[in-house]
1. Suppose each label sits 7 Å from its Cα in the direction of the beta carbon; what would the I248-K195 distance come out to in nanometres?
2. Given a 1.4 Å probe and the protein chains all in place, what does the accessible area of C68 round to, in Å² to the nearest 10?
3. Ranked highest first by the average count of other Cβ atoms within 10 Å around their residues, in what order do 166-178, 282-294, 392-404 fall?
4. Rounded to the nearest percent, how much of the accessible area of the chain (1.4 Å probe, protein heavy atoms only) is carbon and sulfur?
5. Give me the Kirkwood hydrodynamic radius of the range 184-340 in Å, from all C-alpha pairs, to one decimal place?
6. At q = 0.12, 0.19 Å⁻¹, what is the base-10 log of I(q)/I(0) for the range 92-251 according to the Debye formula with one equal point scatterer per Cα and no solvent? Please give it to two decimals.
7. From the phi of every residue in the range 129-141, what ³J(HN,Hα) in whole Hz does the Karplus formula 6.51 cos²θ - 1.76 cosθ + 1.60 yield, where θ is phi - 60° and glycine or proline is x?
8. If I take all pairs of Cα atoms in the range 314-433, what percentage of them are more than 16 Å from each other?
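The values are calculated or read from the model by the stated rules, or taken from the named source; none is laboratory data. Quick caveat: nothing in here was measured; it's all calculated off a predicted structure. For neighbour counting, all protein chains shown are included, and Cβ atoms are generated from backbone atoms with ideal geometry for every residue, glycine included. Keep in mind that these areas ignore ligands, DNA and RNA; they rest on the heavy atoms of the full protein, side chains included. Shrake-Rupley method; radii C 1.70, N 1.55, O 1.52, S 1.80 Å.
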Amino acid sequence: MRVRYEDRQKRKQLAITDDTLVVGVDIAKNYQWARFVDFRGIEHDHALKFKNRKGGFEAILTKIRSVCKQEGFKKVVVGMEPTGHYWKAFANWLEKQTDITVVLVNPYATKQAKELDDNSQTKSDKKDALTIAKLVAQGRYFELYLPHDVYAELRGLATTRTSLNKRKNAIKNTITAVLDEFFPEYVEVFKHPLKGKASRHVLKTCPFPKFIRELGEDGVTEEIKKAVKKTVGRKKARQLVEAAQESIGADYGEEAARLKLQFLINELELLEQQTEELEKQMSCALDKTDYAEFLLTIKGIGIVTLAACLGELGDPTRFDNPRQMSRMAGYNLVEDSSGKNKSGTKISKRGRKNLRSVLYQMALTMVATNDEMKELYNYLKTREKDSLRKMQALIVVSKKILTVIHTLAKKKESYDPDKVFGYVRREQLKAAA
């Protein structure tokens, strides 16, 4: 049964009753501020500044107990913003207190609401803590989800993989910049300089025209043969020498630049080894979930991308419906307008960026390999009314992927092409065929 957004919001508001103490906490690296309000947003007792250590956590807990005893509160809800990473330790510690409920507040909501009290844009940790508390009292929060099972492992592995990929891309861009400066013609010989063993060896030993001319065709051929046992060595060596003769690359600091390339390629190879090991761990962790055998039957979804997706989502069955998953990714639609101009809608992007990224990669693969997603993608781009651009169509496909993941996980069923689309969509696709 689908739960409407309005119903969920009402349920949250009703959860904050007159016997509920709401605690708003503004998180920082060293010290946090806490403010205490009731269900009407009226403050109780003084603000508390406590240290981001166990002693500080125990101090805020003692304060909460004291306020509850003095004011007669029976329930406690603690709200905070999920910004950075400092909040996780405090939220995890509070979760272990059985009589305290921990919730999260959207940082954007805090930014918008903090001017209401004093009509000032002034920001302070003490002020923000009160704003967070009042938002929670109004039911403007969402439930905390800190996985402590295999999904926590998947999330950590997926986050690490994202970091490794960013570093690899940064190194590749730096290598490209060095080649553009010293030997821009190199890519005419090796179209993808970092993909082959031969090219990588050349970049480590004789990457620039100066060194290539010194070695000559025979010398470069010998260097290439150290990396690959193929007959292409002589041909590539000849092409490199010819390119070196006509190169417009810089002729200064070549030794330092060569050393820089060696370091960069060595680092890149280390990161590639780490990524390979990491992806093996992701595969092992994915096998421990209850849904891998069903979700991997979806044509076009690979082990690594599925592991990354579940790492961002957590247990897919914890969602009431796929729309909640789409909202988590930031795929919910908002009006795109300015003044009198209303150009339609766009996605909010207020969600997990890494989740959107992995869904985009999954969508790209599936529109090429999955017949149902390819059919949907082509229909969205070519339909007579309200046809979508490429990126818009990929977003719709991404949302469909979430729907399929949610359904298969809930029912613990394998992928069935005949059940992907409902009656209305099937008729639309049939009419467009």
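1. 2.6
2. So the heavy atoms of C68 present about 20 Å² to solvent.
3. The most tightly packed comes first, giving 392-404, 282-294, 166-178.
4. Of the solvent-accessible surface of the chain, carbon and sulfur hold 49 percent.
5. 20.0
6. -0.67, -1.14
7. Here the 3J(HN,Hα) series is 4, 5, 4, 4, 4, 5, 5, 5, 4, 8, x, 9, 8 Hz.
8. Cα-Cα pairs of the range 314-433 separated by over 16 Å account for 65 percent.
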